[in-house]
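A.B. asks: Got a structure here, written out as structure tokens. Questions coming.
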Amino acid sequence: MGLWQNLVAGYDENSMQLSNVAAGGIYPLSSTTVSNQTEMLAVIVLDENGHFIRSEMISKRNDKKGIFLVSIPIPVTQESLSRARQSNAHPVFDQREYVFPGVENNRQKPTEKNTKYKALLREFAESPFSTSAVKAVWNYISDENREFSSDLPEGTKAKTIVLFKVEIPGCPETALWKSPELFKLWHSFYLGKVADESSNAIDFVTGKTMPVAQFHPKKVLSFAGNAKLISANDEKNFTFRGIYRHPKNLPKSAQTAFEKQFGLSDAVTIGYETSQKAHQYLRYLMANHGISCGDQVIVPFSIGTSGKMIPSPPVQDSDDDWNEDETETTADTIMKLGSRSGKNYAKSIRNALHGYELDRQWKAHARSAIVILEAATPGRLSVTFYREFASSEYMECIAQWHEECMWPLWHKKDKQALMYFGAPSIDRIIQAAFGWPKPGQDKAYEKIRMRARQNLIRSIFDNAPIPADYLANAISRVSNPLGITGKNGTFDRKRFSSVLATTCAIFKHETYNQEESFDMSIEPKRTDRDYLYGRLLGAADKLEQYALRKKNNDRPVTAAIRYMQTFSQRPFSAWQIIHQSLVPYKQQVRGSIADMELQAIFNQFNGDGKDFGNDSPLSGHYLIGYYHECAYIDELIRAAHEKTSVNNQQQEN
């Protein structure tokens, strides 16, 4: 099955279970949403007979004042959802200029928009699918003698959305937009209209014969409201929807006759209800499980279920990537514990795959998928990546990624530094290769990140190599540490350490299953020139840091950091400068761990000093040596402090 079939199946499987829109459920068919994101919403409260009681307002979103985003579903037609300059009205709820006649020019004379709104509302209210609340709204709107302008809350505009509440004795819920019955009845009513107005044809998604969708929903992506996955043919702007079954230069009468005999002219047709199900389920997945970046969203989901059991790919650097709700699986629990205790992520995932609880939960939903969508233009939404897997295969891809890129990494959780052994997040790799975005809206960086996210998703799930320029960029950036700055524009040691560890992880991926593969900890027997020079640089950096710390000097830039870029190009020459600058510090910490390491590393170079005197540029492998040496000295110092603490405690006892 393809993406569209899986989306339709997902809607059918979950529409009842996830019907609570307020709790993040699936939006009803034949509906869209309005919100208080940019404007207030007006609410007219009526009694059961349609008499005006009062007006209310839902204020414009302002998080600082405690006014949060409210997203409200409203019934629509396929024409009104696609309206631009056309005056196609929504039923029941719409903009003020549609709902009320003459308010714009202080006259009661109906406008074209108001006429269309009233006609559609009347048709629905007088149909067998109507409710007492809908009839009350119609009774109110059809009162030609009422001065509607006085009913509106102060501050409404022509584009202000007007909603209705109907207070009916014995009915606890007065807000029509919270009534599942309203949307169910509206969809049933509108399906009949679509059947009357549209030809029946084969739906290429389900294979069934049904009324065909003439227009398809927009507002699939909240941040790209007008972007559509399926275009509508306006016959004016040269929109192309496929291969046509008859020449488009036929006279209109001939085209109509052809379509009556053979069905619609387009080669691919999609049923109205199929289009609605697929788009509404996709909206649900993106809103609840999507990972957004600019005009791009990455959506992992379990086929045939709500998608809560499937963990996200490691895109963002946060424990929140793993679901923490009531349906949390054994895999989620083990992976989070692994993160917090410094355990092996890949091993945790593989152990979880064999857990009895996970196996029981996934027997019924054995397949998973991941899709990437991107708003290429303001009106077009594209599927740029789609893969289906067995659920165990999906998890195995993530486990393999963590294994191939495994490196000791740190991240902050609740102001606490936590270590885990696994792959850096996709966003952290992008930061290592391309840096951080500029303050404010950095559209150029967003485009880079969108492309890079897609490429790295392919690396994870297609077993493809990480693009070579990502590693080259990361090596270049980390070899110029003074260019890695924080918000104050000065060298940031924490960011530098993050970029360094991430670059080492990319190296690990590149050399995985090769003879030159590197361990995650120091390799005392490795004596190649690049690795040893990296260790020298690391020991020099630690020695100076230790000496500065003894003097309570928190200066982050050492000689090793200052000359690192030169060192990577001319190590022998640069080392003479670095070593000379260490002289005063060596006197302060003579015999320290870093001091002894410097001599031990130098002794490991060839006895004739030939490799040491080679001044040619270093490969990026020197960064592994630098990382290993820094981590090794830190570990030795930590162990020494712990031993001292134990001895002191014993003496006190």
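A.B. asks: Please pick out the residue among Thr527, Thr502 that is more than 37 Å from the chain's Cα centre (by Cα) and among the hydroxyl-bearing types (Ser, Thr, Tyr).
C.D. replies: Numbers: Thr502 fails: more than 37 Å from the chain's Cα centre (by Cα).
Matching residue, one of Thr527, Thr502: Thr527.
A.B. asks: Out of (1) modelled with pLDDT of 90 or more; (2) within 22 Å of Lys525 (Cα to Cα); (3) outside any loop (DSSP other than H, G, I, E, B), the odd one out for Asn614 is which?
C.D. replies: In the conditions (1) modelled with pLDDT of 90 or more; (2) within 22 Å of Lys525 (Cα to Cα); (3) outside any loop (DSSP other than H, G, I, E, B), Asn614 misses (3) alone.
One line per residue, one yes/no per condition, for (1) within 19 Å of Asp634 (Cβ to Cβ); (2) outside the structural domain of Val589 (by TED's automatic domain parsing):
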residue	(1), (2)
Ser497	yes, yes
Leu500	yes, yes
Leu536	yes, no
Ala547	yes, no
Asn552	no, no
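A.B. asks: Looking at the stretch 600-618 only, could you name the residues that are loosely packed, with under 15 Cβ neighbours inside 10 Å and either under 17 Å from Glu544 (Cα atoms) or small (Gly, Ala, Ser) (or both)?
C.D. replies: Selection gives Ala600, Gly607, Gly609, Gly613, Ser616.
A.B. asks: Given the structure, is Lys277 basic (Lys, Arg), closer than 24 Å to Phe124 by Cβ, at pLDDT below 90 and under 34 Å from the mean Cα position of the chain (by Cα)?
C.D. replies: Values: basic (Lys, Arg): yes; closer than 24 Å to Phe124 by Cβ: yes; at pLDDT below 90: no; under 34 Å from the mean Cα position of the chain (by Cα): yes.
No, not satisfied.
A.B. asks: Does Ser459 satisfy being in contact with an Asp or Glu (Cβ under 7 Å, 6 or more places away or on another chain), closer than 26 Å to Val297 by Cβ and buried (at least 18 other Cβ atoms within 10 Å of the Cβ)? First the steps, then the outcome.
C.D. replies: Working: in contact with an Asp or Glu (Cβ under 7 Å, 6 or more places away or on another chain): no; closer than 26 Å to Val297 by Cβ: yes; buried (at least 18 other Cβ atoms within 10 Å of the Cβ): yes.
No.
A.B. asks: Asp462 - would you say it is over 30 Å from Phe567 (Cα atoms), among the charged types (D, E, K, R) and touching a Lys or Arg at 6+ places or on another chain (Cβ under 9 Å)? It would help to see each step written out before you state the result.
C.D. replies: Numbers: over 30 Å from Phe567 (Cα atoms): yes; among the charged types (D, E, K, R): yes; touching a Lys or Arg at 6+ places or on another chain (Cβ under 9 Å): yes.
In short, yes.
A.B. asks: Residues in the stretch 427-474 that are in contact with a Ser or Thr (Cβ under 9 Å, 6 or more places away or on another chain) and either in the same structural domain as Glu635 (by TED's automatic domain parsing) or among the β-branched types (Val, Ile, Thr) (or both): how many?
C.D. replies: Residues meeting the conditions: 2.
A.B. asks: Being aliphatic (A, V, I, L, M), at pLDDT below 90 and part of a loop (DSSP other than H, G, I, E, B) is the requirement here; does Ala84 meet it? It would help to see each step written out before you state the result.
C.D. replies: Working: aliphatic (A, V, I, L, M): yes; at pLDDT below 90: yes; part of a loop (DSSP other than H, G, I, E, B): yes.
Yes.
A.B. asks: Restricting to the stretch 1-35, and then to whatever is in a helix (DSSP H, G or I) and of a type in the set (Gly, Ala, Ser), can you tell me which residue is farthest from Glu79 (Cα to Cα)?
C.D. replies: Within the stretch 1-35, the subset in a helix (DSSP H, G or I) is 3-14, 21-23.
Now restrict to residues that are of a type in the set (Gly, Ala, Ser): 9-10, 22-23.
On the way: Ala9: 25, Gly10: 25, Ala22: 26, Ala23: 28 Å.
My answer is Ala23.
Yes or no, residue by residue, for (1) among the aliphatic types (A, V, I, L, M); (2) within 45 Å of the chain's Cα centre (by Cα); (3) surrounded by fewer than 18 Cβ atoms within 10 Å (Cβ to Cβ):
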{"position": "Glu544", "(1), (2), (3)": "no, yes, no"}
{"position": "Ala560", "(1), (2), (3)": "yes, yes, no"}
{"position": "Ala574", "(1), (2), (3)": "yes, yes, no"}
{"position": "Lys586", "(1), (2), (3)": "no, no, no"}
{"position": "Gly591", "(1), (2), (3)": "no, no, yes"}
{"position": "Leu598", "(1), (2), (3)": "yes, no, no"}
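A.B. asks: May I pose another question? Looking only at the stretch 36-45, decide whether some residue is exposed (fewer than 14 other Cβ atoms within 10 Å of the Cβ) and either in a strand (DSSP E or B) or free of Cβ contacts under 8 Å to residues at least 40 places away in the same chain (or both).
C.D. replies: Looking only at the stretch 36-45, we keep the residues that are exposed (fewer than 14 other Cβ atoms within 10 Å of the Cβ), and these are 37-38.
Okay, now just the ones that are also either in a strand (DSSP E or B) or free of Cβ contacts under 8 Å to residues at least 40 places away in the same chain (or both), so 37-38.
The answer is yes; a qualifying residue exists.
A.B. asks: Which residues, counting only those in the stretch 46-58, are outside any strand (DSSP E or B) and surrounded by 15 or more Cβ atoms within 10 Å (Cβ to Cβ)?
C.D. replies: Restricting attention to the stretch 46-58, the residues satisfying the condition of being outside any strand (DSSP E or B) are 48-51.
The answer is Glu48, Gly50.
A.B. asks: Same structure, new question: Return the residues of the stretch 140-163 that are assigned to a loop (DSSP other than H, G, I, E, B) and in contact with a helix residue (DSSP H, G or I) (Cβ under 8 Å, 6 or more places away or on another chain); say none if nothing qualifies.
C.D. replies: First, pick out the residues of the stretch 140-163 that are assigned to a loop (DSSP other than H, G, I, E, B): 142-147, 152-160.
Answer for the stretch 140-163, where residues must be assigned to a loop (DSSP other than H, G, I, E, B) and in contact with a helix residue (DSSP H, G or I) (Cβ under 8 Å, 6 or more places away or on another chain): Ser142, Arg146, Leu152, Thr156, Lys157, Ala158, Lys159, Thr160.
A.B. asks: Would you mention how many residues in the stretch 481-498 are closer than 17 Å to Arg562 by Cβ and surrounded by 15 or more Cβ atoms within 10 Å (Cβ to Cβ)?
C.D. replies: Looking only at that region, the number is 9.
A.B. asks: Another question, if that's okay. Do you know which residues across the stretch 59-81 are in a helix (DSSP H, G or I) and not aliphatic (A, V, I, L, M)? Give the steps one after another, and end with the answer.
C.D. replies: Taking the stretch 59-81 and keeping what is in a helix (DSSP H, G or I), we get 63-65, 78-81.
Of everything in the stretch 59-81, those that are in a helix (DSSP H, G or I) and not aliphatic (A, V, I, L, M) turn out to be Asp63, Lys64, Lys65, Gln78, Glu79, Ser80.
Each row is one residue, and each column tells you yes or no for (1) under 23 Å from Cys397 (Cβ atoms); (2) of a type in the set (A, V, I, L, M); (3) in contact (Cβ under 8 Å) with a residue 24 or more places away in the chain.
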{"site": "Ile460", "(1), (2), (3)": "yes, yes, yes"}
{"site": "Ala464", "(1), (2), (3)": "yes, yes, no"}
{"site": "Ser479", "(1), (2), (3)": "no, no, yes"}
{"site": "Leu482", "(1), (2), (3)": "no, yes, yes"}
{"site": "Asn488", "(1), (2), (3)": "no, no, no"}
{"site": "Ser498", "(1), (2), (3)": "no, no, yes"}
{"site": "Cys504", "(1), (2), (3)": "yes, no, yes"}
{"site": "Tyr512", "(1), (2), (3)": "yes, no, yes"}
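A.B. asks: Being surrounded by 14 or more Cβ atoms within 10 Å (Cβ to Cβ) and in the same structural domain as Leu3 (by TED's automatic domain parsing): is that true of Leu191 here? Step through it out loud before you land on a result.
C.D. replies: Details: surrounded by 14 or more Cβ atoms within 10 Å (Cβ to Cβ): yes; in the same structural domain as Leu3 (by TED's automatic domain parsing): no.
Judged against the criteria, Leu191 is not a match.
A.B. asks: Might you let me know whether the stretch 427-442 holds any residue that is β-branched (Val, Ile, Thr), in contact with a His (Cβ under 9 Å, 6 or more places away or on another chain) and either crowded, with 21+ Cβ neighbours inside 10 Å or assigned to a helix (DSSP H, G or I) (or both)?
C.D. replies: From the stretch 427-442, those β-branched (Val, Ile, Thr) are 429-430; that's our starting set.
Checking the rest, the ones that are also in contact with a His (Cβ under 9 Å, 6 or more places away or on another chain) come to none.
No - not one qualifying residue is present in the stretch 427-442.
A.B. asks: Could you list, ordered by first residue, the pairs with Cβ atoms under 6 Å in which the first is in the stretch 150-171 and closer than 13 Å to Glu39 by Cβ and in contact (Cβ under 8 Å) with a residue 24 or more places away in the chain and the second is small (Gly, Ala, Ser) and surrounded by 12 or more Cβ atoms within 10 Å (Cβ to Cβ), at least 6 apart or interchain?
C.D. replies: Pro153/Ala42; Pro153/Ser55; Thr156/Ala42; Thr160/Ala42; Val162/Ala42
A.B. asks: Would you pick out the residues in the stretch 58-84 that are of a type in the set (D, E, K, R), without any contact (Cβ under 8 Å) to a residue 40 or more places away in the chain and out of contact with any strand residue (DSSP E or B) (no Cβ under 8 Å at 6 or more places or on another chain)? Walk me through it before giving the result.
C.D. replies: Let us first name the residues in the stretch 58-84 that are of a type in the set (D, E, K, R), namely 60-61, 63-65, 79, 83.
Those left that are additionally without any contact (Cβ under 8 Å) to a residue 40 or more places away in the chain: 60-61, 63-65, 83.
Those that are of a type in the set (D, E, K, R), without any contact (Cβ under 8 Å) to a residue 40 or more places away in the chain and out of contact with any strand residue (DSSP E or B) (no Cβ under 8 Å at 6 or more places or on another chain): Asp63, Lys64, Lys65, Arg83.
Matching residues to (1) loosely packed, with under 15 Cβ neighbours inside 10 Å; (2) acidic (Asp, Glu); (3) modelled with pLDDT under 95; (4) outside the structural domain of Glu154 (by TED's automatic domain parsing):
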{"position": "Gln78", "(1), (2), (3), (4)": "no, no, yes, no"}
{"position": "Asp94", "(1), (2), (3), (4)": "no, yes, no, no"}
{"position": "Thr111", "(1), (2), (3), (4)": "no, no, yes, no"}
{"position": "Pro128", "(1), (2), (3), (4)": "yes, no, no, no"}
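A.B. asks: Which condition does Met450 not pass, out of (1) of a type in the set (A, V, I, L, M); (2) surrounded by 12 or more Cβ atoms within 10 Å (Cβ to Cβ); (3) within 27 Å of Pro617 (Cβ to Cβ), if it passes all the others?
C.D. replies: The failed condition is (3).
A.B. asks: Let me ask something additional. Being under 22 Å from Phe148 (Cα atoms), without any contact (Cβ under 8 Å) to a residue 12 or more places away in the chain and out of contact with any Ser or Thr (no Cβ under 7 Å at 6 or more places or on another chain): is that true of Arg54 here? Break it down into steps so the answer makes sense when it comes.
C.D. replies: Numbers: under 22 Å from Phe148 (Cα atoms): yes; without any contact (Cβ under 8 Å) to a residue 12 or more places away in the chain: yes; out of contact with any Ser or Thr (no Cβ under 7 Å at 6 or more places or on another chain): yes.
Considered against the rule, which asks whether it is under 22 Å from Phe148 (Cα atoms), without any contact (Cβ under 8 Å) to a residue 12 or more places away in the chain and out of contact with any Ser or Thr (no Cβ under 7 Å at 6 or more places or on another chain), Arg54 comes out as yes.
A.B. asks: Moving to a separate point now. Which residues, counting only those in the stretch 375-395, are aliphatic (A, V, I, L, M) and either surrounded by fewer than 18 Cβ atoms within 10 Å (Cβ to Cβ) or assigned to a strand (DSSP E or B) (or both)?
C.D. replies: First, the residues of the stretch 375-395 that are aliphatic (A, V, I, L, M): 375-376, 381, 383, 390, 395.
Within the stretch 375-395, Ala375, Ala376, Leu381, Val383, Ala390 meet the criteria.
A.B. asks: Which one of these does Ser30 not meet: (1) of a type in the set (Gly, Ala, Ser); (2) closer than 20 Å to Glu181 by Cβ; (3) in the same structural domain as Phe129 (by TED's automatic domain parsing)?
C.D. replies: With (1) of a type in the set (Gly, Ala, Ser); (2) closer than 20 Å to Glu181 by Cβ; (3) in the same structural domain as Phe129 (by TED's automatic domain parsing) applied to Ser30, the lone miss is (3).
A.B. asks: Spot the failing condition for Gly50; the list is (1) more than 20 Å from Ser188 (Cα to Cα); (2) modelled with pLDDT under 90, and only one is missed.
C.D. replies: With (1) more than 20 Å from Ser188 (Cα to Cα); (2) modelled with pLDDT under 90 applied to Gly50, the lone miss is (2).
The values are calculated or read from the model by the stated rules, or taken from the named source; none is laboratory data. Bear in mind the structure is a predicted one, so any value in this text is a computation, not a measurement. Here Cβ is always computed from backbone atoms with ideal geometry, including for glycine, and neighbour counts include all displayed protein chains.
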